[in-house]
Amino acid sequence: DALREVSLRVGGIIAGPVACAVINERLVQTGDMIESLAIERIDSDAVFLRHGQHRLRLTVSEKPARVRLAL
């Protein structure tokens, strides 16, 4: 299977009635897509993303997380 690697960095999370997160310097909210990953949920301490059957939990970090995705 062909794979591609993406880097994702959560720069911040904004809690509230409609929670938002800054991922790769882009403001996203639940339902948005970034690098073919769906933003499934945003908690006060983590962002949950989905790609097909795979789920990923990212926390705010200075360093990006590298993720390999099937094409």
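Details
- Cβ-Cβ distances below 8 Å connect the following pairs, each with a first residue in the range 47-71 that is over 21 Å from A19 (Cα atoms) and of a type in the set (G, A, S), a second residue that is open to solvent by 100 Å² or more (accessible area, probe 1.4 Å) and not in a strand (DSSP E or B), and a separation of six or more residues or different chains: A70/D1.
- Elements of type strands (runs of 3 or more DSSP E) contained in the range 7-71, each with 2 or more residues being open to solvent by less than 50 Å² (accessible area, probe 1.4 Å): 10-14, 20-23, 37-42, 47-51, 54-58, 65-70
- Filtered residues of the range 1-16 (kept if aliphatic (A, V, I, L, M) and in contact with a Ser or Thr (Cβ under 7 Å, 6 or more places away or on another chain)): V10, I13, A15
The values are calculated or read from the model by the stated rules, or taken from the named source; none is laboratory data. Just so it is clear, the structure is predicted and the values come from calculations on it, not from any experiment. Note: ideal-geometry Cβ built from the backbone for every residue, glycine included; neighbour counts use all protein chains shown. Only protein heavy atoms, including side chains, enter the accessible area calculation; ligands, DNA and RNA are left aside. Shrake-Rupley method; radii C 1.70, N 1.55, O 1.52, S 1.80 Å.
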